[in-house]
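Okay, so here's the structure we're looking at.
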Amino acid sequence: MKKLLVISAAVVMVGSTHATTYYLKPDGDDSAAGTSESAAFKTINKAISQVHAKDSKDELVILPGKYAATGTLSMAGQYTSNLANADIIRSSTGNPVDAVIYGDGTFNLLNLARCVMIEGITFSNGVATTTGIGGGVRVGSSTETTAPVVLTNCVITCCRATCTGKTAGGAYVFGAGKIIDCLVENCSAINGDGAAGVFLNNSYGNATVERTIIRNCSATDCGEQEICAGGIASAGGKGGSERIVDCVISNCTTTGKGGGAYLSLGPSALVSGSTFALCHALRGGGVLVWDGTGTFENCSFNGNSSSNGDNGGGMLLADTSRVSLNDCSFSGNVAGKGGAVYCTSQSRVSVTGCDFSSNNADDGGAFYMMLMASASLSNCTFTLNRSGYGGAAAFEQDEGSYFAFTNCIFASNVSTKYGGAVSCGRANYSTSGADGSNPKGMYGEFYGCAFTNNVASDCGGALFHRENNSSRNSGTPLILRNSLFAYNRVSTSGYYHCGGGIYLLSYDKPVVDACTITCNDVTSGGSNQFGAGLYNRWSCSVINTIIAGNTMNGVSEGANDWFRSGTTVTASHSCAYPAPSPYNQFTAANGCVNANPKFADSVNGDFLLRSSSPCKDTALLEPWMANAFDIAGNARVMGKGPNMGCYEFVVLNGMVIMFQ
């Protein structure tokens, strides 16, 4: 393992003055003084007991060799919060391969409390049989929350936990304990309420794991245990805020929850710069966050999976969790629901600047949400995700759920049923709520989003929205605003194939506002093909929107470019070209036009308007446009008035850039 800056600092501290320096070597003598290499101790238990007995800053230098522990090693350390005054136990070479401490598989190897530093040592074949320890090492204590206990540049391997209390196969970290630049591998937990690799108790202090690899750890026979993580777990009273920084958790598994990690995060907890890869669980393949509050930043979730058929391949957020995901990536994760992220049970998630690619699920290829959960996503990218419902994202109908997507990109996602990119509320809930009422259903908004080259087999090439309980029509509607829908398609043979761009079947009066819907297609051998650009049934409001150039089997057909059924559809200040028939709501009386919108270069994906466009400066000025921006980041109103569609003109040095 590489040694980073923390190791260099440790070496400097080793060179400082200690009350006594002791030595340990395989051919030493426990009856010797132990204060020089020539008079070194022979056994690790003797050497540790000598340092432990002193209430002063001591050092133990372990020369190359393998040392059998005959019982649990304990180090109380110093009553100080200054790591420079810590007792130190270190390998003479700084390489953990050269100094190995091993057990006989009947006891845990090392318990550390107060101010102690351990550097460059391998711990092997320890076992935790009681609560609150690690099979390899316990780092810190519940009574010392400020005295740092540090394990650095060490290896914990082939250790295990066999008890039912909160414990760890590898390392148990408490209070101010820190694991830095370490490797934890091939550890296990059976019937445990903890983790196979590392357990962070966040009742006190800020337990920390930094620049550490946790790999090939497994938790089995989890039964009804709440916590049973493969890689790393955190739980306790949440009086502290744990930190997991620049770590790699890979190939960890559990028959319970949280293959890579089970985290009940404390306030202000931070997971930063870490990778969760190739981990597997019944629920939450990469990470399960349960009733936790914290931030994930610059993390990656790759190739994780869930086998329960419905619970978050990359991440599961449950039980009122409050989490922020910033600049993270999710790739190649697999689950029944939510290939990358599954948000449920009144949890709240804020997602900013994240990338979701090549994730796969039955519902919600990348993202899935239900049960009064809420999600806010901005500046995210969804590409090449795949599912049955919602190639990129799926949202089930239920009372109180809310989602918002701002400035997100959905490209080349695939659904084998509904919603090439997004499926909203596909379920048919016609029963009353638990209190006898009719719940309102979820509501949400897409603002400044681009949907391109998405494909659905049945309906909604880009987006599918269904809310077919008429008793809920007083709820807040779905809003599609300032967004682009282009080159999406419905493609298969069958009975009904509708909405090459958008499919709306709803009583909640969805709003399509300032959108550009163009170059979408319904390609099908079926006889019932409707709405190449936008299919609507029952209710809808179309404002300041362009619907033009959409096709049926590659042929422009005005009669099917826009389809509506019902009497509550309204169109205002919008363009439909060619003119729809027989339901043409786009009339001059409503400020609408049925003329070519004159895109700059639609063949090459440039949907800005030319100066001669009938859609330029002719849209309705709406309150939300004040200080708003178009999909390209330009001021929403530039000129005499706003444009129809999602693009305005660009102004440079007082000049308006137009296309003739």
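When you scan region 97-142 for strands (runs of 3 or more DSSP E) that lie fully inside it, which ones turn up with 1 or more residues that are within 19 Å of Gly205 (Cβ to Cβ) and in contact with a Lys or Arg (Cβ under 6 Å, 6 or more places away or on another chain)?
Here the list reads 110-112.
Taking Gly639 as the residue in question, decide whether it is open to solvent by 50 Å² or more (accessible area, probe 1.4 Å) and either of a type in the set (Gly, Ala, Ser) or within 13 Å of Thr516 (Cα to Cα) (or both). Talk me through it step by step, then tell me what you get.
Numbers: open to solvent by 50 Å² or more (accessible area, probe 1.4 Å): yes; either of a type in the set (Gly, Ala, Ser) or within 13 Å of Thr516 (Cα to Cα) (or both): yes.
Here the answer is yes, as Gly639 does meet what is asked.
Being aliphatic (A, V, I, L, M) and closer than 17 Å to Arg283 by Cβ, is that true of even one residue in region 168-181?
no
In region 315-334, what count of residues is obtained for those that are open to solvent by less than 10 Å² (accessible area, probe 1.4 Å) and closer than 18 Å to Ala421 by Cβ?
Selection size over region 315-334: 2.
Tell me whether region 378-385 contains one or more residues that are crowded, with 24+ Cβ neighbours inside 10 Å, modelled with pLDDT under 95 and in a strand (DSSP E or B).
Checked against the condition, which is being crowded, with 24+ Cβ neighbours inside 10 Å, modelled with pLDDT under 95 and in a strand (DSSP E or B), region 378-385 yields no hits at all.
If Asn359 satisfies all but one of (1) more than 24 Å from Cys646 (Cβ to Cβ); (2) more than 15 Å from the chain's Cα centre (by Cα), what's the number of the condition it fails?
(2)
Restricting attention to region 492-537, and to residues there that are at pLDDT below 85 and farther than 19 Å from Asp458 by Cα, which single residue is least open to solvent (accessible area, probe 1.4 Å)?
Asp508
Among the residues of region 181-203, which ones are part of a strand (DSSP E or B), in contact with a Ser or Thr (Cβ under 6 Å, 6 or more places away or on another chain) and either acidic (Asp, Glu) or surrounded by 24 or more Cβ atoms within 10 Å (Cβ to Cβ) (or both)? Give the steps one after another, and end with the answer.
Of the residues in region 181-203, the ones part of a strand (DSSP E or B) are 183-185, 188-190, 194-195, 198-201.
Within this subset, residues satisfying the condition of being in contact with a Ser or Thr (Cβ under 6 Å, 6 or more places away or on another chain) are 185, 188, 190, 194, 200.
Glu185, Gly194, Leu200 - these are the residues of region 181-203 that are part of a strand (DSSP E or B), in contact with a Ser or Thr (Cβ under 6 Å, 6 or more places away or on another chain) and either acidic (Asp, Glu) or surrounded by 24 or more Cβ atoms within 10 Å (Cβ to Cβ) (or both).
Modelled with pLDDT under 85, surrounded by fewer than 23 Cβ atoms within 10 Å (Cβ to Cβ) and in contact with a Pro (Cβ under 8 Å, 6 or more places away or on another chain) - does that describe any residue in region 565-573? Spell out how you get there, then give the answer.
First, the residues of region 565-573 that are modelled with pLDDT under 85: 565-569.
If we keep only those that are surrounded by fewer than 23 Cβ atoms within 10 Å (Cβ to Cβ) too, we end up with 565-569.
This time we only want the ones that are in contact with a Pro (Cβ under 8 Å, 6 or more places away or on another chain), so: none.
Taking every residue of region 565-573 in turn, none turns out to be modelled with pLDDT under 85, surrounded by fewer than 23 Cβ atoms within 10 Å (Cβ to Cβ) and in contact with a Pro (Cβ under 8 Å, 6 or more places away or on another chain).
Taking Thr152 as the residue in question, decide whether it is among the polar types (S, T, N, Q), under 29 Å from the mean Cα position of the chain (by Cα), open to solvent by less than 10 Å² (accessible area, probe 1.4 Å) and at pLDDT 90 or above. Lay out the reasoning, then the answer.
Working: among the polar types (S, T, N, Q): yes; under 29 Å from the mean Cα position of the chain (by Cα): yes; open to solvent by less than 10 Å² (accessible area, probe 1.4 Å): yes; at pLDDT 90 or above: yes.
Spelling it out, Thr152 is indeed among the polar types (S, T, N, Q), under 29 Å from the mean Cα position of the chain (by Cα), open to solvent by less than 10 Å² (accessible area, probe 1.4 Å) and at pLDDT 90 or above.
Among the residues of region 204-220, how many are in contact with a Ser or Thr (Cβ under 7 Å, 6 or more places away or on another chain) and surrounded by fewer than 24 Cβ atoms within 10 Å (Cβ to Cβ)?
5
Please pick out the residue among Gly266, Gly260 that is closer than 16 Å to Val209 by Cβ, crowded, with 23+ Cβ neighbours inside 10 Å and out of contact with any Asp or Glu (no Cβ under 9 Å at 6 or more places or on another chain). Spell out how you get there, then give the answer.
On the way: Gly266 fails: out of contact with any Asp or Glu (no Cβ under 9 Å at 6 or more places or on another chain).
Unique residue meeting the criteria: Gly260.
Given the criterion on the phi > 0 side of the Ramachandran plot and without any contact (Cβ under 8 Å) to a residue 40 or more places away in the chain, identify the matching residue among Ser331, Ser345, Ser324.
Details: Ser331 fails: on the phi > 0 side of the Ramachandran plot; Ser324 fails: on the phi > 0 side of the Ramachandran plot.
Exactly one of Ser331, Ser345, Ser324 is on the phi > 0 side of the Ramachandran plot and without any contact (Cβ under 8 Å) to a residue 40 or more places away in the chain, namely Ser345.
Return the residues of region 333-372 that are of a type in the set (Gly, Ala, Ser) and either out of contact with any Gly (no Cβ under 9 Å at 6 or more places or on another chain) or not in a loop (DSSP other than H, G, I, E, B) (or both); say none if nothing qualifies.
Ala335, Gly336, Ser345, Ser347, Ser350, Gly353, Ser357, Ala361
Please find, among Ile48, Ile7, the residue that is part of a helix (DSSP H, G or I) and at pLDDT below 60. If you could, list the steps in order and put the result at the bottom.
Details: Ile48 fails: at pLDDT below 60.
Testing whether each residue is part of a helix (DSSP H, G or I) and at pLDDT below 60 leaves just Ile7.
Considering Ala19, Ala53, which residue is exposed (fewer than 15 other Cβ atoms within 10 Å of the Cβ), more than 14 Å from Asn85 (Cα to Cα), among the aliphatic types (A, V, I, L, M) and at pLDDT below 95?
None of the others qualify; the one that does is Ala53.
Across region 409-424, which residue is nearest to Thr452 (Cα to Cα) among those that are β-branched (Val, Ile, Thr) and open to solvent by 20 Å² or more (accessible area, probe 1.4 Å)?
Going through the qualifying residues, I end up with Ile409.
Let me spell it out: the conditions are (1) modelled with pLDDT of 85 or more; (2) open to solvent by less than 50 Å² (accessible area, probe 1.4 Å); (3) not polar (S, T, N, Q), and Ala559 meets all of them except one. Which number is the exception?
All conditions are met except number (1).
Identify, by number, the condition in (1) under 21 Å from Thr518 (Cβ atoms); (2) touching a residue at least 24 places away in the same chain (Cβ under 8 Å); (3) not hydrophobic (A, V, I, L, M, F, W, C) that Glu622 doesn't meet.
The one condition Glu622 does not meet is (1).
Give me a count of the residues in region 538-548 that are modelled with pLDDT under 95, open to solvent by less than 40 Å² (accessible area, probe 1.4 Å) and either in a loop (DSSP other than H, G, I, E, B) or not aliphatic (A, V, I, L, M) (or both). Lay out the reasoning, then the answer.
Taking region 538-548 as the starting set, the residues that turn out to be modelled with pLDDT under 95 are 538-542, 547-548.
Filter once more, keeping what is open to solvent by less than 40 Å² (accessible area, probe 1.4 Å): 539-542, 547-548.
Imposing the further condition that a residue be either in a loop (DSSP other than H, G, I, E, B) or not aliphatic (A, V, I, L, M) (or both) reduces the set to 539-541.
Looking only at that region, the number is 3.
Which of the residues that make up region 287-315 are over 19 Å from Arg243 (Cα atoms), modelled with pLDDT under 95 and under 12 Å from the mean Cα position of the chain (by Cα)?
The answer is Gly312, and nothing else.
Can you find a residue in region 394-403 that is open to solvent by less than 20 Å² (accessible area, probe 1.4 Å), of a type outside the set (Asp, Glu), assigned to a loop (DSSP other than H, G, I, E, B) and farther than 22 Å from Glu467 by Cβ?
Looking through region 394-403, none of the residues is open to solvent by less than 20 Å² (accessible area, probe 1.4 Å), of a type outside the set (Asp, Glu), assigned to a loop (DSSP other than H, G, I, E, B) and farther than 22 Å from Glu467 by Cβ.
Of all residues in region 588-639, which are over 41 Å from the mean Cα position of the chain (by Cα) and assigned to a helix (DSSP H, G or I)?
If the condition is that a residue be over 41 Å from the mean Cα position of the chain (by Cα) and assigned to a helix (DSSP H, G or I), then Ala588, Ala589, Asn590 are the ones that fit.
From the list Ser74, Ser92, pick out the single residue that is farther than 19 Å from Gly194 by Cα, surrounded by fewer than 24 Cβ atoms within 10 Å (Cβ to Cβ) and at pLDDT 95 or above.
Numbers: Ser74 fails: at pLDDT 95 or above.
Only one candidate qualifies: Ser92.
The values are calculated or read from the model by the stated rules, or taken from the named source; none is laboratory data. Since the structure is predicted, the reported quantities are computational estimates derived from the model, not experimental observations. So basically every Cβ, Gly included, is an ideal-geometry build from the backbone, and we count neighbours across all protein chains shown. Side chains included, ligands, DNA and RNA excluded: accessible areas come from the protein's heavy atoms. Shrake-Rupley method; radii C 1.70, N 1.55, O 1.52, S 1.80 Å.
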